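Before any comments, here is the structure.
The values are calculated or read from the model by the stated rules, or taken from the named source; none is laboratory data. Fair warning: this is a prediction, and the values are worked out from it, not measured in the lab. Cβ placement follows ideal geometry from the backbone for every residue including glycine, while neighbour counts extend to all protein chains displayed. Areas reflect the complete protein model, heavy atoms only, side chains present, ligands, DNA and RNA absent. Shrake-Rupley method; radii C 1.70, N 1.55, O 1.52, S 1.80 Å.
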Amino acid sequence: MKLTILGCYAATPRTITNPTSQVLEMGSHMFLIDAGEGTQVQLRKKKLKFQRINHIFISHLHGDHFYGLIGLISTFMLLNRQTDLHVYGPKGIKEAILLQLRLGNSFTGYKLFFHELTSKHSEVVFEDNKVKVTTIPLDHRIYTNGYLFESKPGDRKLRIGAIEDLKIDRCYYQKIKNGGDITLDDGTVVANKDITYDPEPTESYAFCSDTYYSEAIVPIIKNVKVLYHESTFLDSEESYTERTKHCTAKQAATIAKLADVGTLILGHYSTRYNDITLFKKEAETVFNGTILNAEDGKVFDL
């Protein structure tokens, strides 16, 4: 699982910082999460093969989280993309994008699917045999969702030596990988655990931005391995959180602690601050796990 931060600052883009956008690589998937202005440029700077992006997840319709989407969709058209593209986001995102395409007479040559979200309860929005993606309802000024990405357990690993010693035919290998026991010709039942190793551990990543402090999300993200949680303000500006519906670094750390997450990544910093190391220092007063500061262009091998 690899996370590339394309942008992690709040509000307006600057020459030195970019609004929210990130790429999550999980298994064979390359997911784009939010698409603030500059997303295309950042994708190119990081030399990511962004034609691999087939699923885009937009948290809400504030500009610093989706104004880069129309540009990316248009660029895919210019690059003669043929693969289907799926966009998940709040109701209204289809209207916003199609209006711009229609006025510019720039309809895509590939199939563009919009999955508009309205539920205020957690729901599965994407699933295949490798990954499941679930919404995390957030408390912001407009309808907003975070997203929980979870890999599914893979096949069990064969103990080839043990299997060959028992002279088990290859035609049973997939059954064994799937967790099945094997009955030998003499009637002996061989337990799966004796001829396999455990599969690779599953991976999980929760993206939570933007949101007011809300413990309602804790059961959804319980025990997640990596949590990205907005931390717009330091504790000295905590009084701004209710009006803006954002969080402090300490509040993000409290959510991480309550949810028993493995690693907390902080981001969505207000541009009023010149030193983002202060966010990690404040969060450490609450959460004892691993805390990392997101930075534009930073890559996390998780």
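Would you be so kind as to identify which of 40, 115, 261 lies farthest towards the positive end of the dipole of the chain, taking Lys and Arg as +1 and Asp and Glu as -1 on Cβ and the Cα centre as origin?
40
Round to the nearest 10 and report in Å² the accessible area of residue 171, as given by a 1.4 Å probe over the protein chains' heavy atoms.
100 Å²
If you keep only loop residues by DSSP, which GluC sites (Glu not before Pro) in the range 94-151 have at most 13 other Cβ atoms within 10 Å of their Cβ?
Values: sites: 95, 116, 123, 127, 150; in loops: 123.
Passing both the DSSP loop test and the Cβ count: 123.
The range 1-107: D in µm²/s via Stokes-Einstein (Kirkwood Rh, Cα pairs, 4 °C, 1.567 mPa s)? Could you put the intermediate results ahead of the total?
Numbers: Rh = 14.0 Å.
Rounded, D is 93 µm²/s.
Over the chain, what is the mean sequence separation of C-alpha contacts under 8 Å (at least six apart), divided by residue count, expressed as relative contact order in percent? Can you show the working numbers first?
Working: 665 pairs, mean separation 49.6, N = 302.
Contact order relative to length: 16 percent.
To the nearest 20 debye, what charge dipole does the chain have about its Cα centre, counting +1 at the Cβ of each Lys and Arg and -1 at the Cβ of each Asp and Glu? Each step should come with its number before you reach the end.
Working: 36 positive and 37 negative charges, 185 e Å.
Around 900 debye, computed over the chain.
Cα to Cα, under 18 Å, and not fewer than 8 places away if on the same chain: which lysines meet these conditions relative to residue 47?
Within the straight-line limit of under 18 Å, residue 47 reaches these lysines: 2, 298.
When Cα Rg over 2.2 N^0.38 Å is calculated directly from the model, which label among [x] 1.00; [y] 1.07; [z] 1.15 fits?
Working out Cα Rg over 2.2 N^0.38 Å from the coordinates points to [z].
Once Lys and Arg get +1 and Asp and Glu get -1 on their Cβ, which of 9, 66, 137 lies farthest toward the positive end of the dipole of the chain?
66
For the chain, what is the accessible area per residue in Å² when the probe is 1.4 Å?
On the way: 14490 Å² over 302 residues.
That works out to 48 Å² per residue.
Quick one: pull the percent of accessible area on the chain belonging to carbon and sulfur, 1.4 Å probe, ligands and nucleic acids left out. Kindly include the intermediate steps, with their values, before the conclusion.
Numbers: 6970 of 14490 Å².
Summing carbon and sulfur atoms, their accessible area is 48 percent of the total for the chain.
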